Amino acid sequence: MSVYVHDSLSGRMVEVGGEGKVGLYVCGPTVYGHVHIGNARAPLFWDVVVRYLRSRGLEVTFVQNITDVDDKIIAKANEEGVSWQEIVRRYVDSFHERLGLLGVDLPDIEPRATEHIPEMIGLIGDLIDGGHAYAPGNGDVYYSVGSYPPYGALSKQRPDEMRETEKGQTGFKRSPLDFALWKASKPGEPSWESPWGPGRPGWHIECSAMVEKHLPGGADIHGGGTDLRFPHHENELAQSAAAHPEQTFVRAWAHHGMVTLGAGGKMAKSLGNILDVERAVSLHGKNAVRMWLLQSHYSQPIDYSEEILEEKRRAYERLQNLYAQISGSTHSSGLSDRLAAELRERFDAAMRDDLNTPEAIAALFDVTGRAAKEVAVNPEAARQFHSLAEALQEMLAVLGLDLAGEDAMEVDGVHVRWRSGEEPGEGVLRKVAERQEARREKDWAAADRLRDELHAQGWLVEDTSEGPVLGRR
RNA sequence: GGCGGCAUGGCCGAGUGGUUUAGGCACAGGUCUGCAAAACCUGUUACCCCGGUUCGACUCCGGGUGCCGCCUCCA
């Protein structure tokens, strides 16, 4: 069992998991604010990938770091007059809470930069020893881009053509492209002892150190947004490859597209055009958000709008309705077995081909729709799709989409059902029972009046042969 | 300015050198239904422009146009 992932460095598909194991490293957040849905794309997508790989029997180690020391964290702390640790604590909690709202599981290892200072210092030492870094005496240590000829390969940039930009110049760097591995700390800033004086790590070095530590032998897949390709990933690669040329650092670089907000372009904290995860979930629901992010390929940019999310909510509902038709199955017809096998095969083929979640989801709709057609022609078939329902449950678990079960209650002698999760109030239930009673007496005027009232309260009543079912409208 | 990517039907969005419908949403008509909803049936709209390669290109190559990302912190 293995999957193929498009590698941004070579431009080719790389086989991953052939040995039965997969080491995955994904760049996590810098915790100085609440994560928005753009930030959430990576954790959500890779969580799905991890679930998929595990469902196929692969042993996965998923590492996603947290950057807990950084200029912005320090700035935020100063702004509020609290410690940087306080800022970190607050936004790590917020990050976890928001992932929870989206139904995203935490990675196996969530290393923090500040917990890897010795490893980073060691790595920097190796770079200096190898002639790839220098300490000009101001307390900083810089990576010498010129010492590593392949520099630029990942971002397809040529160092000599990038010289135009001199924004990074400090006076101590030998080349403006050189970047900080270690920064001398100013008074009041977080600081650690090092051979070059008290200071703190540069941004890129943490990922190099943490990949090497937590995924010995290298990462099979290294994920992150396309905006990290340069300079972050380029620098990571340059550091590790130069320090430890005998080791593989990353086998496949997988970059996901940006979440855009219509004409506003890329969603970014610095642009202020962000949509908080909490708001997105409360506006559209977890399932719609997941459907939205998973129904386009990870490598593509994806646009957010309320209309699009509404569409995705409906798409999810359709899947839900299709599933509901066969969910009561007690046995499996030959058709069910065939469809289940086809579904597994297509889902698998799609995922193995560069983690193509939209293709995988299309298979869900297609196969399930065919079962629904059968049910339409032959109502008996509704109870004969056990094997398909089972397969569907597995795939939806991988995608993290809920299969809303149903709860029910006897109200005034009427069996009232509703989608689990949102319990209707006593008054609503009573109205439904009353309406059912009116229908029994063919008092359509009263029944319609009650339907309208329930509608006004946000509920939709569906009449079925098995009695009324409540749903949020 | 440099580098990279993308351009598919009303919208979202996969995919492929030709023989089959991606899938979803929306819309129109119908079946079912007291009504409504769901489901099912039928129908509608495709591959940015110009060249080239090819027996044949939406699918490969070149050019153009447009959009996006990166080149500075950024998922």
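Given the criterion under 30 Å from A:Val398 (Cα atoms) and among the small types (Gly, Ala, Ser), identify the matching residue among A:Ala135, A:Ala219, A:Ala153, A:Ala184. Steps first, answer last, please.
Working: A:Ala135 fails: under 30 Å from A:Val398 (Cα atoms); A:Ala153 fails: under 30 Å from A:Val398 (Cα atoms); A:Ala184 fails: under 30 Å from A:Val398 (Cα atoms).
Sole residue among the options that is under 30 Å from A:Val398 (Cα atoms) and among the small types (Gly, Ala, Ser): A:Ala219.
A:Ala433: surrounded by 11 or more Cβ atoms within 10 Å (Cβ to Cβ), under 29 Å from A:Leu319 (Cβ atoms) and in contact with a Gly (Cβ under 9 Å, 6 or more places away or on another chain), yes or no? Outline the logic, then answer.
Values: surrounded by 11 or more Cβ atoms within 10 Å (Cβ to Cβ): yes; under 29 Å from A:Leu319 (Cβ atoms): no; in contact with a Gly (Cβ under 9 Å, 6 or more places away or on another chain): yes.
It is false that A:Ala433 is surrounded by 11 or more Cβ atoms within 10 Å (Cβ to Cβ), under 29 Å from A:Leu319 (Cβ atoms) and in contact with a Gly (Cβ under 9 Å, 6 or more places away or on another chain).
Restricting to segment A:200-232, count the residues that are open to solvent by 40 Å² or more (accessible area, probe 1.4 Å), within 9 Å of RNA strand B (Cβ to nearest atom) and more than 25 Å from A:Asp354 (Cα to Cα).
1
Give the residue, chosen from A:Ala408, A:Ala382, A:Ala372, A:Ala397, that is in a helix (DSSP H, G or I), farther than 14 Å from A:Gln320 by Cα and among the small types (Gly, Ala, Ser).
Working: A:Ala408 fails: in a helix (DSSP H, G or I); A:Ala372 fails: farther than 14 Å from A:Gln320 by Cα; A:Ala397 fails: farther than 14 Å from A:Gln320 by Cα.
Exactly one of A:Ala408, A:Ala382, A:Ala372, A:Ala397 is in a helix (DSSP H, G or I), farther than 14 Å from A:Gln320 by Cα and among the small types (Gly, Ala, Ser), namely A:Ala382.
Among the residues of segment A:437-449 satisfying the criterion of being closer than 15 Å to A:Val416 by Cα and more than 9 Å from RNA strand B (Cβ to nearest atom), which is least open to solvent (accessible area, probe 1.4 Å)?
The selected residue is A:Glu437.
Assigned to a helix (DSSP H, G or I), without any contact (Cβ under 8 Å) to a residue 24 or more places away in the chain and in the same structural domain as A:Gly199 (by TED's automatic domain parsing): which single residue out of A:Glu19, A:Glu86 fits that description? Walk me through how you get there before you give the answer.
Values: A:Glu19 fails: assigned to a helix (DSSP H, G or I).
That would be A:Glu86, the only listed residue that is assigned to a helix (DSSP H, G or I), without any contact (Cβ under 8 Å) to a residue 24 or more places away in the chain and in the same structural domain as A:Gly199 (by TED's automatic domain parsing).
Looking only at residues in segment A:297-350 that are in contact (Cβ under 8 Å) with a residue 40 or more places away in the chain and touching a Phe, Trp or Tyr at 6+ places or on another chain (Cβ under 6 Å), which one is nearest to A:Ala280 (Cα to Cα)?
Among residues in segment A:297-350 that are in contact (Cβ under 8 Å) with a residue 40 or more places away in the chain and touching a Phe, Trp or Tyr at 6+ places or on another chain (Cβ under 6 Å), the one nearest to A:Ala280 (Cα to Cα) is A:Tyr298.
Taking A:Glu359 as meeting all but one of (1) open to solvent by 80 Å² or more (accessible area, probe 1.4 Å); (2) modelled with pLDDT under 90, write down the number of the exception.
The failed condition is (2).
When you scan segment A:242-338 for helices (runs of 4 or more DSSP H) that lie fully inside it, which ones turn up with 1 or more residues that are within 10 Å of RNA strand B (Cβ to nearest atom) and crowded, with 17+ Cβ neighbours inside 10 Å?
Values: elements: A:277-284, A:286-294, A:306-326.
The qualifying helices (runs of 4 or more DSSP H) are A:286-294, A:306-326.
What about A:Val411, is it in contact with a Lys or Arg (Cβ under 8 Å, 6 or more places away or on another chain), β-branched (Val, Ile, Thr) and under 30 Å from A:Ala42 (Cβ atoms)? Spell out how you get there, then give the answer.
Numbers: in contact with a Lys or Arg (Cβ under 8 Å, 6 or more places away or on another chain): yes; β-branched (Val, Ile, Thr): yes; under 30 Å from A:Ala42 (Cβ atoms): no.
Answer is no for this residue.
Answer with yes or no whether A:Ile73 is closer than 18 Å to A:His204 by Cα, in a helix (DSSP H, G or I) and open to solvent by less than 10 Å² (accessible area, probe 1.4 Å).
Yes.
Condition (residue is within 30 Å of A:Asp7 (Cα to Cα) and of a type in the set (D, E, K, R)) applied to segment A:315-330: is it met by at least one residue? Steps first, answer last, please.
Taking segment A:315-330 and keeping what is within 30 Å of A:Asp7 (Cα to Cα), we get none.
Within segment A:315-330 (the criterion being within 30 Å of A:Asp7 (Cα to Cα) and of a type in the set (D, E, K, R)), the answer is no, since none of the residues qualifies.
Let me confirm something: among A:Gly400, A:Gly369, A:Gly425, which residue is at pLDDT below 90 and either loosely packed, with under 15 Cβ neighbours inside 10 Å or within 30 Å of A:Arg344 (Cα to Cα) (or both)? Outline the logic, then answer.
Working: A:Gly400 fails: at pLDDT below 90; A:Gly369 fails: at pLDDT below 90.
Only one candidate qualifies: A:Gly425.
Would you pick out the residues in segment A:34-69 that are within 15 Å of A:Leu99 (Cβ to Cβ), of a type in the set (Gly, Ala, Ser) and in a loop (DSSP other than H, G, I, E, B)?
Residues satisfying the conditions do not exist here.
Restricting attention to segment A:450-470, and to residues there that are of a type in the set (D, E, K, R) and more than 25 Å from A:Ala324 (Cα to Cα), which single residue is least open to solvent (accessible area, probe 1.4 Å)? Working first, answer last.
Going residue by residue through segment A:450-470, those that are of a type in the set (D, E, K, R) are A:451-453, A:462-463, A:466.
Still in the running and more than 25 Å from A:Ala324 (Cα to Cα): A:452-453.
Values: A:Asp452: 98, A:Glu453: 62 Å².
Here the answer is A:Glu453.
Looking only at segment A:372-394, which residues are open to solvent by less than 70 Å² (accessible area, probe 1.4 Å) and over 19 Å from A:Arg314 (Cα atoms)? Can you show your working first?
Of the residues in segment A:372-394, the ones open to solvent by less than 70 Å² (accessible area, probe 1.4 Å) are A:372, A:374-375, A:378, A:381-382, A:384-385, A:387-389, A:391-392.
A:Glu374, A:Val375, A:Asn378, A:Ala381, A:Ala382, A:Gln384, A:Phe385, A:Ser387, A:Leu388, A:Ala389, A:Ala391 - these are the residues of segment A:372-394 that are open to solvent by less than 70 Å² (accessible area, probe 1.4 Å) and over 19 Å from A:Arg314 (Cα atoms).
Hey, can you tell me all the residues within segment A:16-53 that are more than 24 Å from A:Trp203 (Cβ to Cβ) and either open to solvent by 10 Å² or more (accessible area, probe 1.4 Å) or within 8 Å of RNA strand B (Cβ to nearest atom) (or both)?
The answer is A:Gly18, A:Glu19, A:Gly20, A:Lys21, A:Arg51.
Residue-by-condition table, conditions (1) more than 30 Å from the chain's Cα centre (by Cα); (2) without any contact (Cβ under 8 Å) to a residue 12 or more places away in the chain; (3) within 16 Å of RNA strand B (Cβ to nearest atom):
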residue	(1), (2), (3)
A:His386	yes, no, no
A:Gly400	no, no, no
A:Met409	yes, no, no
A:Gly413	yes, no, no
A:Glu434	yes, no, yes
A:Gly458	yes, no, yes
A:Val461	yes, no, yes
A:Thr464	yes, yes, yes
A:Gly471	no, no, yes
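Which of the residues spanning segment A:172-187 are out of contact with any Lys or Arg (no Cβ under 9 Å at 6 or more places or on another chain), in contact (Cβ under 8 Å) with a residue 12 or more places away in the chain and either away from RNA strand B (no atom under 14 Å from the Cβ) or open to solvent by less than 30 Å² (accessible area, probe 1.4 Å) (or both)?
Of the residues in segment A:172-187, the ones out of contact with any Lys or Arg (no Cβ under 9 Å at 6 or more places or on another chain) are A:172-174, A:178, A:181, A:186-187.
Then keep just the ones that are in contact (Cβ under 8 Å) with a residue 12 or more places away in the chain; that gives A:172-174, A:178, A:181.
Scanning segment A:172-187 gives A:Phe172, A:Arg174, A:Asp178, A:Leu181.
The values are calculated or read from the model by the stated rules, or taken from the named source; none is laboratory data. These numbers were taken from a predicted model, which means no experiment stands behind them. Please note: Cβ atoms are built from the backbone with ideal geometry, for glycine as well, and neighbour counts cover all protein chains shown. For accessibility, only protein heavy atoms count, side chains too; no ligands or nucleic acids. Shrake-Rupley method; radii C 1.70, N 1.55, O 1.52, S 1.80 Å.
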